[in-house]
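**Q** Right, I'll just put the structure down here and ask away after.
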Amino acid sequence: MTPIIHSLLETDLYKFTMWQTMLHRHPQAQAEYRFVCRNAPAFPLSELLEQVDAQLDHLCALSFTEEELGYIGALRYVKNDFVDFLRIFRFQRRFVRASVAADGRTLEIVAEGPQVHVMAFEIYVLAIVNELYFRRADQAAALVEGRSRLRAKIAALREFGAREPACAHPFEFFDFGVRRRFSGAWQDEVVRTLKDEVPEFFKGTSNVHLARKYGLVAIGTMAHEYLQSYQAFDVRLRDFQKMALENWVQEYRGDLGVALTDVVGMDAFLRDFDLYFAKLFDGLRHDSGDPVEWGEKALAHYARLRIDPHTKRLTFSDGLDLETAFSIWRHFADRTQLGFGIGTTLTNDVGLVPLNIVMKLTQCNGQPVAKLSDSPGKTLCKDETFLAYLRQVFQVAPELP
């Protein structure tokens with residue numbers, strides 16, 4: 001077996017930032033995460049079961065090295081006791097299981113147990129499934145095509161830089177492509193090439209291992225699971241977003257100040273994102289719905305609160321490619337700071353159809369949790385009663401069929 005995960009740093013930064021917060025605030029929480037493939041694969045993913053199990057065995061044998069812990073500990077927002085926790089941390093194999101569904105074709109992967117022991121499985125599992133899937137493709141042909149497309153992206157960036165008029169805020173983008181990459185080696189090549197060729201635009205990566213390897217800024221704050229968890233904690237459901245944001249503020253004291261807005265939709269988020277939070281957080285992250293409409297709502301909200309939008313940052317991360325990012329930048333670049341997190345179209349643009357896979361939090365403390373996305377089809381919850389209640393509490397209309 002050729003291992004896919006070589007270092008436990010080979011995950012998104014926000015897994016560590018959420019992990020630290022949960023360890024300090026809710027170390028007793030129990031959680032369940034489930035793997036889902038949203039599109040039709042070229043062959044049944046159930047055929048990967050034996051290989052997935054072998055890769056999970058390998059993952060659960062890994063631990064953090066002292067050099068890796070030194071890197072994490074040097075991040076100013078990471079606490080010493082979290083580093084001590086990571087020093088003794090090992091994934092427990094009994095907390096993750098892979099199986100074949102009753103249809104004989106669907107691959108099921110469930111991580112279930114103490115949240116601080118299972119929440120970090122997500123990115124590794126997605127990277128494992130993705131790379132095993134694409135190992136069946138013609139590797140040489142895919143890399144030839146991928147390199148050709150990467151050269152075209154670099155040319156487009158240079159042309160963009162030469163052609164576009166100066167605006168108040170520069171164009172900056174980041175690699176967010178760990179979870180759906182063609183392979184670990186290809187992501188490494190993409191990140192190294194972008195760093196060398198277009199450093200004026202390419203400003204970091206969510207992959208902590210590659211950030212360390214190439215001296216890049218590790219990018220990330222929070223994901224949906226962080227806010228969703230608070231739906232099951234000891235707080236009134238109507239107040240879960242405010243409690244999650246407050247705990248984040250208390251944990252990081254001004255660092256990591258970009259808030260995710262679409263757990264119950266942008267409108268419901270802004271009702272909770274009052275002057276206090278708007279001043280304390282550096283900006284907002286878009287991950288569903290129309291990006292321009294979302295950005296206009298964000299800027300209008302800052303205007304109502306009499307906050308200068310030039311002091312804030314809007315980060316876009318929903319299925320972007322460079323052309324879409326350029327278009328959004330043109331719309332907002334004279335009005336606020338911007339950033340663009342690009343994933344699949346950077347690290348899996350090799351001429352093959354990518355998998356649309358996720359591994360989402362489905363339960364916390366024995367209760368269902370949900371995301372009410374601003375994009376149709378991205379709402380996720382297996383309990384329709386709870387979903388209806390959440391919509392009622394936050395005045396969110398059901399998705400149209």
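**Q** Can you work out which of the residues in the stretch 190-218 that are hydrophobic (A, V, I, L, M, F, W, C) and touching an Asp or Glu at 6+ places or on another chain (Cβ under 8 Å) is surrounded by the most Cβ atoms within 10 Å (Cβ to Cβ)?
**A** Going through the qualifying residues, I end up with V208.
**Q** Can you list residue pairs whose Cβ atoms sit under 6 Å apart, with the first residue in the stretch 372-401 being within 16 Å of L270 (Cα to Cα) and the second being modelled with pLDDT under 80 and of a type in the set (V, I, T)? Count only pairs 6 or more apart in sequence or on different chains.
**A** Listed by first residue and then by second, the contacts come to L372/T379; S373/T379.
**Q** Right, next: I'd like to check something: does the stretch 130-142 contain any residue that is in the same structural domain as E32 (by TED's automatic domain parsing), touching a His at 6+ places or on another chain (Cβ under 9 Å), of a type in the set (A, V, I, L, M) and surrounded by 14 or more Cβ atoms within 10 Å (Cβ to Cβ)?
**A** Scanning the stretch 130-142 turns up no residue that is in the same structural domain as E32 (by TED's automatic domain parsing), touching a His at 6+ places or on another chain (Cβ under 9 Å), of a type in the set (A, V, I, L, M) and surrounded by 14 or more Cβ atoms within 10 Å (Cβ to Cβ).
**Q** Of the numbered conditions (1) polar (S, T, N, Q); (2) touching a helix residue (DSSP H, G or I) at 6+ places or on another chain (Cβ under 7 Å); (3) assigned by TED's automatic domain parsing to the domain that holds K360; (4) within 25 Å of L355 (Cβ to Cβ), Q20 fails exactly one; give the number of that condition.
**A** So Q20 meets the others, but not (4).
**Q** Regarding the stretch 302-318, can at least one residue be identified that is part of a loop (DSSP other than H, G, I, E, B), in contact (Cβ under 8 Å) with a residue 40 or more places away in the chain and over 24 Å from R271 (Cα atoms)?
**A** no
**Q** Filtering the stretch 348-391 down to residues that are modelled with pLDDT under 95 and among the polar types (S, T, N, Q), which residue is farthest from the chain's Cα centre (by Cα)?
**A** T385
A quick yes/no check of all residues on (1) in a helix (DSSP H, G or I); (2) of a type outside the set (D, E, K, R); (3) within 21 Å of I219 (Cα to Cα); (4) in contact with a Leu (Cβ under 7 Å, 6 or more places away or on another chain):
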{"site": "E68", "(1), (2), (3), (4)": "yes, no, yes, yes"}
{"site": "L86", "(1), (2), (3), (4)": "yes, yes, yes, yes"}
{"site": "R90", "(1), (2), (3), (4)": "no, no, no, no"}
{"site": "R94", "(1), (2), (3), (4)": "yes, no, no, no"}
{"site": "R97", "(1), (2), (3), (4)": "no, no, no, no"}
{"site": "R105", "(1), (2), (3), (4)": "no, no, no, no"}
{"site": "I109", "(1), (2), (3), (4)": "no, yes, no, no"}
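The values are calculated or read from the model by the stated rules, or taken from the named source; none is laboratory data. Just so it is clear, the structure is predicted and the values come from calculations on it, not from any experiment. Counting neighbours? That spans all protein chains shown, and the Cβs are built from the backbone with ideal geometry, glycine included.
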